[in-house]
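Structure record follows, encoded as structure tokens.
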Amino acid sequence: MNFDDTPQEAAFRAEARAWISANAPKQYEEELRKSSLGRTVLKGANILEVAKAWQKKKAEAGWACLHWPKEYGGRGASPIERVIWQQEEGPFGKLSGMFIIGHGMCGPTMMAYAGEEQKRKYLPPLASGEKIWCQLFSEPAGGSDVAGLRTRAEKKGDDWIINGQKIWTSGAHYSDYGILLTRTDPNVPKHKGLTMFFLDMKSPGVEVRPIKQASGQSDFNEVYFTDVKIPDSQRLGAVNDGWNVSLTTLMNERMSIGAGVATGFPELFEFCNSLMLEDGPAIEDRSVRSRLANYAVKASGLRYTSMRAISALSKGERPGPENSIGKLVAGSMVQEVAMYALDLQGAAGVLSGLEDAEVAGKFQAMLLRAPGTRVEGGTDEIMRNIIAERVLGLPGDIRVDKDVPFNQIPTKGR
Amino acid sequence: MNFDFSDEQKQMRDAARKFLTEKCPPKAVREVLDGKVPYDTELWKGLAEMGFLGVAIPEQFGGAGAGHLELCVIAEEMGRANAPVPFSSTVYLAAEALLLAGSDAQKQKWLPKIASGEAIGTLALFEGKGNPSPKAIKLQASGGTLNGIKKPVPDGAIADFAVVAARTGSTGRDSDISLFLVDLKAGGVEAKPLTNVDPTRGQAELTFTKAKAEPLGAAGDGWSILTQVLDRAAVLLAFEQVGGSDRALEMGRDYALDRIAFGRPIGSFQAVKHMLADMYVSATLARSNCYYGAWALSTNAAELPEAAAASRISATQAFQHCSKNNIQVHGGMGFTWEFDCHMYYRRANASALTLGSLSYWEDQLIDRMRKKNPA
Ligand SMILES: Cc1cc2nc3c(=O)[nH]c(=O)nc-3n(C[C@H](O)[C@H](O)[C@H](O)COP(=O)(O)OP(=O)(O)OC[C@H]3O[C@@H](n4cnc5c(N)ncnc54)[C@H](O)[C@@H]3O)c2cc1C
Ligand SMILES: Cc1cc2nc3c(=O)[nH]c(=O)nc-3n(C[C@H](O)[C@H](O)[C@H](O)COP(=O)(O)OP(=O)(O)OC[C@H]3O[C@@H](n4cnc5c(N)ncnc54)[C@H](O)[C@@H]3O)c2cc1C
């Protein structure tokens, strides 16, 4: 048990710190530090451009996608080095938000299933942020039940023809490529008729329609496919083996650990530490202290859980379900934290404008973004099922659709 | 960086688990629970022989000199087994106080006896309801003797000696408090066992009447030593609580797999699955906080006070959460004396109070975080 850096780790940290200090876009540091889940605004700058420029600089100096092999645009770094980098990158790491899906899910799937030539072609520009990727899995009929999706891929000569609709695709409106899960055989049980591809989002027949979210922002989209052509060479894995390929993606989603899911705690502590209530400083109020302490131990528990996972990873152990815990706990917590911070503001808590609201509307933005956090990447209920079944070994849910051919599964409720 | 116990420490855990599975089955815990004996003397002897009582006591004082990470490992196993012995009072409280503040002679006198299982020690701090606070200490020290009442004192009725917090000044400051060592068998102390929610860990009232006492640490340093002792004990007890949480979770999981209702194992109902998943989550968060606490304890890091409070809070919450829901998973069976669920429920709720309540530690945590991050 050692929470101190080894000499090598210390040297790595010093190198990272020096490089960041010399190269990071410092003019945005304050704004990034203050930004929260649901609101990252840079006054007078296009955040996409700022993010891409920072990512490119990192890539050129060997600080992008640290754990990827060098030949694919990474650094071949150890899991601990990744954590050290994230600690040092601090608020500038918030600029990586739009790359998460590409770096965390699409890249590793390409690494596992694409041909060598394709990897060398597509991965470095993905690492450097030059090209952005999205994940086209969810559909109106297939969210938690991913394998319930209906977008069809039909073989025609050397190509596949895609027809159907995806939904909630984050970043599709600025993405260059996507990984796409399709149905290739509706006559077999649903998990056995899926196939995975990657495609150019500018292909003819791809139409991206932004969806306005409950939070008022528009980060995700509907994506329509009308006779979109994908060459067979862009298939990932075997025909009808897409479910296994998608599991790789989802496992890697769990593996992109260390990033630390936002809990809202540091923000809440800082807020309470300076807030004055009628009877004195909030931090001296008994009930405030109790709430804060409860959130504090959840936040630190999550932090050290992810560090334990990283230690296991460093020793070559497979990533456990620790990250299911991360999102499950942090998702509800950020929502509660936001509600509590607004409660402390009383009537004025209702205001959400940058200028009128306390701490630039940070908690109001969190409040409105949090419901999505509890749904995206697997809902709270699915996370609990994963823990119950894969960690505790409890029986799987009773499935009425498992062995039924896909085209005979009922589609209406009630 | 490495956030895990070493292979040697894990081997020690395995050895301790094996030993306790054999020597401390639920049947043995019940002997104490049913009031047949005040604690398991055979187990106590065995723990001494295994070297577990003196694991963190230096070799020069008769211990194994392994260290506090090793003690954390043992503590977890003691909690898992719900061991009905005065381990926490003797090892986490009395021994730690001696290690921190004892003179060489005092250490020579008591530590080897602790390591060998000959002496049971405790800390006499509380005087009725309330949390650790210098103001609450009324017991008076004068002319080398103590007069007053302490309660509840953990394992007070079976202890051979006690570290006693007493009032030696009247300035209204923390420096009014000093610590004393009292040989409880030397006369002047009357011990009365008290009924408590967890009979496997006794509580007592100690009445001191001109009891002979020798100072432990410098006069006026009592409160500062106590704070350190409580922090150290908080991490160690938290490991017991984590061990107990894990065991309660395991019992619930096993029952959910075996028990059939409505033609299915109850573990296939999502309401039960999700309850168990939430138990796993709280036990895991507590364990992770405790690992940080263990590191801080073993290195005496500046982070110890904050890490100790965090370990204590999350482990208390986890053990209460897991032990109460373990009963729920067991349905009506869980509410019978026959099943072991209530032993953990009792221990969880007793442990939650022995070093000061949850709200006390919440207060401590925020104070400490605030010192580090002034507004
Ligand atoms: C902000 C955001 C970004 C997203 N980005 C992407 C993206 O980039 N790419 C992509 O492919 N998808 C994306 N998604 C989609 C996301 O993966 C799905 O919304 C999610 O998996 C849930 O599916 P659903 O919305 O169909 O809900 P449903 O599956 O219909 O669930 C509805 C409710 O039923 C519950 N439920 C469903 N099945 C079970 C079960 N077996 N047991 C218990 N309860 C159950 C759910 O927990 C939920 O409460 C995004 C979603 C959000 C909110
Ligand atoms: C104090 C006390 C007094 C009682 N008095 C009487 C009495 O006078 N007369 C009498 O006849 N009975 C009595 N009972 C029995 C009581 O009605 C049962 O204990 C109760 O119905 C639960 O059944 P069970 O104990 O078999 O638990 P189980 O049915 O085995 O349940 C175990 C766990 O599984 C869960 N579970 C079971 N089925 C499902 C499901 N379908 N979905 C989700 N979760 C499920 C339960 O909620 C529980 O958490 C008493 C019980 C107690 C504790």
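Readers should treat all values here as calculations from the given coordinates under stated rules, not as data from a laboratory. Treat the numbers as computed from the prediction; the structure is a model and nothing was measured. Counting neighbours? That spans all protein chains shown, and the Cβs are built from the backbone with ideal geometry, glycine included.
Computing Rg and the Kirkwood Rh from the Cα coordinates of region A:275-394 gives a ratio, Rg/Rh, of 1.07. Once you treat every alpha carbon in region A:25-155 as an equal point and sum by Debye, what is log10 I(q)/I(0) at q = 0.14, 0.22 Å⁻¹? For region A:25-155, the Cα-only Debye profile gives -0.73, -1.28. For the set A:Lys202/A:Lys298; A:Lys121/A:Lys212; B:Lys18/B:Lys371; A:Lys26/B:Lys372; A:Lys56/A:Lys202; B:Lys23/B:Lys135, the pairs lying more than 32 angstrom apart at their alpha carbons are A:Lys202/A:Lys298; A:Lys121/A:Lys212; B:Lys18/B:Lys371; B:Lys23/B:Lys135.
Here chain A is assigned +1 on the Cβ of each Lys and Arg and -1 on the Cβ of each Asp and Glu. Its dipole about the Cα centre then comes out at about 760 debye. For the residues of B:301-314, the average number of beta carbons from a partner chain within 10 Å of their own beta carbon is 3. Label sites at A:Ala10 and B:Gln328, each approximated as a point 7 angstrom past Cα along Cα to Cβ, lie 4.8 nm apart. Pair-distance distribution P(r) for the protein assembly as shown, from all Cα-Cα distances in 20 Å bins starting at 0: 15, 42, 31, 11, 1, 0 percent.
A straight chain from B:Leu194 to B:Thr41 at 0.36 nm per residue would run longer than the Cα-Cα distance by 53.1 nm. Based on C-alpha pairs under 8 angstrom that are at least 6 apart in sequence, chain A has a relative contact order of 14 percent. Between A:Ile409 and A:Ser233, the FRET efficiency from the beta-carbon distance, with R0 = 35 Å, is close to 0.65.
Over 19 Å between C-alpha atoms is what I'm after, so list which of A:Lys57/A:Lys131; B:Lys185/B:Lys212; A:Lys43/A:Lys94; B:Lys129/B:Lys324 land there.
B:Lys129/B:Lys324
Structural descriptor for chain B: relative contact order 16 percent, calculated from alpha carbon pairs under 8 angstrom and at least 6 residues apart. Among beta bridges identified by DSSP and lying wholly in the protein assembly as shown, the antiparallel ones come to about 85 percent.
Applying 1/(1 + (r/R0)^6) with r as the Cβ-Cβ distance of A:Asp145 and B:Ile260 and R0 = 30 angstrom yields a FRET efficiency of 0.65. Volume of the convex hull of region B:256-324 (Cα atoms only), normalised per residue: 76 Å³.
This ranking places B:Val73, B:Val281, A:Val261 by how few other beta-carbon atoms lie within 10 Å of each, fewest first, which gives A:Val261, B:Val281, B:Val73. For chain A, build the charge dipole from Cβ charges (+1 Lys, Arg; -1 Asp, Glu) around the Cα centre, then report which of A:Met339, A:Pro186, A:Ala61 sits farthest towards its positive end. Of the candidates, A:Pro186 comes out farthest on the positive side. For region B:222-375, a simple Cβ point-charge model (Lys and Arg +1, Asp and Glu -1, everything else neutral) yields a dipole of about 160 debye relative to the Cα centre. Using the Karplus relation 6.51 cos²θ - 1.76 cosθ + 1.60 with θ = phi - 60°, the per-residue 3J(HN,Hα) values for region B:206-221 come to 10, 9, 9, 10, 6, 6, 5, 9, 10, x, 10, x, 5, 4, x, 8 Hz, with x marking Gly and Pro. Note on A:Val375 and A:Ala347: the model spin-label points, each 7 Å out from Cα along the C-beta direction, lie 3.4 nm apart. A helix-only calculation puts chain B at -17000 deg cm²/dmol for mean residue ellipticity at 222 nm, using -39500 (n - 2.57) for each DSSP H run of at least four residues, averaged over all residues. For chain B, the longest principal axis of the alpha carbon atoms and the long axis of helix B:341-354 meet at an angle near 30°. Residue order for B:Asp231, A:Asp4, fewest other beta carbons within 10 angstrom first, comes to A:Asp4, B:Asp231.
When the Cα positions of A:Asn294, A:Tyr122, A:Pro25 are compared along the charge dipole of chain A, A:Tyr122 comes out farthest toward the positive end, with charges on each C-beta of Lys, Arg, Asp and Glu. In chain A, Rg over Rh equals 0.97, where Rg is the alpha-carbon radius of gyration and Rh the Kirkwood radius from pairwise Cα distances. Using the Cβ-Cβ distance between A:Lys212 and A:Gln27 with R0 set to 35 Å, the FRET efficiency works out to roughly 0.70.
The fewest-to-most ranking of A:Ile179, A:Ile20 by surrounding Cβ atoms within 10 Å reads A:Ile20, A:Ile179. Debye-formula intensities of region A:332-414, expressed as log10 I(q)/I(0) at q = 0.13, 0.16, 0.22 Å⁻¹, are -0.65, -0.76, -1.02 (one equal scatterer per alpha-carbon, no solvent). Net charge in the neighbourhood of B:Glu118 (other residues with Cβ under 14 Å of its Cβ; Lys, Arg +1, Asp, Glu -1) is +1. Projecting the Cα positions of B:Met1, B:Leu146, A:Ala348 onto the charge dipole of the protein assembly as shown (unit charges on Cβ atoms of Lys, Arg, Asp and Glu, taken about the Cα centre) puts A:Ala348 furthest along the positive direction.
Taking only Cα atoms and a 10 Å spring cutoff, compute GNM fluctuations for chain B and point out the largest among B:Leu99, B:Leu257, B:Leu216. Among B:Leu99, B:Leu257, B:Leu216, the largest GNM mean-square fluctuation belongs to B:Leu257. Averaged over the residues of peptide A:264-276, the number of Cβ atoms from other protein chains lying within 10 Å of each residue's Cβ is 1. Taken one residue at a time, the phi angles of region B:165-174 give Karplus couplings (6.51, -1.76, 1.60, θ = phi - 60°) of 8, 9, 8, 10, x, 9, 8, x, 9, 4 Hz. Gly and Pro are set to x. What spacing in nm lies between the two simple spin-label points modelled at A:Ser287 and A:Asn244, each 7 Å away from Cα in the Cβ direction? Reported label-point gap for A:Ser287 and A:Asn244 is 5.7 nm. Placing +1 on each Lys and Arg Cβ and -1 on each Asp and Glu Cβ, with no other charges, gives region B:60-184 a dipole about its Cα centre of roughly 500 debye. To the nearest Å, what is the center-to-center distance of region B:1-68 and region A:282-318, using C-alpha atoms only? If we compute the Cα centre of each part, the gap is 29 Å.
Report summary: the helix-based calculation at 222 nm, which adds -39500 (n - 2.57) for every DSSP H run with n ≥ 4 and divides by the residues of chain A, gives -12500 deg cm²/dmol.
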